[in-house]
Amino acid sequence: MYAPDVLQMHVIDHTKGQPAEAESRNVLTESARIARGKITNLAKLTTQDHDAVIFPGGFGAAKNLSTFAVDGKDCKVHKEVERVLQEFHKAGKPIGLCCISPVLAAKVLPGAEVTVGHEAEEGGKWPYAGTAGAIKALGAKHCVKEVTEAHVDLKNKVVTTPAFMCETELHHIFEGIGAMVKNVLKLTGKYSGVS
């Protein structure tokens, strides 16, 4: 696991759902807490050491791996995230992204096909459906998929799934993330046991 060594955009007090005033945290340090210490600075990630790369989503991807949460289609992607995406793409190695993180590929890999689910909110089931419009504005193609599915862009070796972009039961999100991971592994050509 890897994370950038940068300060978080802000710290959220999840008991209140609001930013915690006068508190700051480092993304790498917080990631190490979640990963129980087994983490490396993203600056050290290279294509030579790995068959594929997978980016989780969540607000961290929209606030700390990019400025998408604030700037939408005019966002910037963290330089190390951009480097990793470009290097894995150039090496022809699969890239997996879930939840909001497909916007990273939309910004960095022109013409990539990605999904964040549906393009309409559908009564609140897809509360972040507007993201699909931003993906299109970035020059990528948005493909409508269910939360249990993954979209595979064979040309770019990019695999995406909506995950928490949909308000649904966790087991449906788990199924979609599993489909994304399985398809990433298939694209490496090294894991024959993956079905």
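The values are calculated or read from the model by the stated rules, or taken from the named source; none is laboratory data. The shown structure was predicted, so the numbers you read here are calculated from the model rather than taken from an experiment. Glycine also receives a Cβ, built like all others from the backbone with ideal geometry; neighbour counts cover every protein chain displayed. What goes into the accessible areas is simple: the full protein's heavy atoms, side chains included, and nothing from ligands, DNA or RNA. Shrake-Rupley method; radii C 1.70, N 1.55, O 1.52, S 1.80 Å.
When segment 120-133 is filtered for residues that are crowded, with 17+ Cβ neighbours inside 10 Å and of a type outside the set (Phe, Trp, Tyr), the ones remaining, listed by number, are ALA129, THR131, ALA132. Considering only residues in segment 57-86 that are of a type outside the set (A, V, I, L, M, F, W, C) and surrounded by 19 or more Cβ atoms within 10 Å (Cβ to Cβ), the one that is nearest to ALA106 (Cα to Cα) turns out to be SER66. Within segment 170-188, is there a residue that is under 12 Å from LEU97 (Cα atoms), without any contact (Cβ under 8 Å) to a residue 60 or more places away in the chain and part of a strand (DSSP E or B)? Looking through segment 170-188, none of the residues is under 12 Å from LEU97 (Cα atoms), without any contact (Cβ under 8 Å) to a residue 60 or more places away in the chain and part of a strand (DSSP E or B). What is the residue count in segment 13-37 for residues that are touching a residue at least 24 places away in the same chain (Cβ under 8 Å) and either hydroxyl-bearing (Ser, Thr, Tyr) or in a strand (DSSP E or B) (or both)? Within segment 13-37, residues that are touching a residue at least 24 places away in the same chain (Cβ under 8 Å) and either hydroxyl-bearing (Ser, Thr, Tyr) or in a strand (DSSP E or B) (or both) number 1. Scanning segment 38-50 for residues being open to solvent by 50 Å² or more (accessible area, probe 1.4 Å) and either of a type outside the set (S, T, N, Q) or not in a helix (DSSP H, G or I) (or both) gives a total of 6. The condition of being among the hydroxyl-bearing types (Ser, Thr, Tyr) and over 20 Å from VAL81 (Cβ atoms) holds for only one of THR131, THR188, THR160, THR115, that being THR188.
Summed over segment 1-21, residues that are open to solvent by 70 Å² or more (accessible area, probe 1.4 Å) and modelled with pLDDT of 80 or more total 7.
For LYS136, the test of being within 24 Å of PRO110 (Cα to Cα), open to solvent by 70 Å² or more (accessible area, probe 1.4 Å) and over 17 Å from the mean Cα position of the chain (by Cα) is failed.
Among the residues of segment 90-119, the ones that are touching a Gly at 6+ places or on another chain (Cβ under 9 Å), open to solvent by 10 Å² or more (accessible area, probe 1.4 Å) and in a loop (DSSP other than H, G, I, E, B) come to 5 in all.
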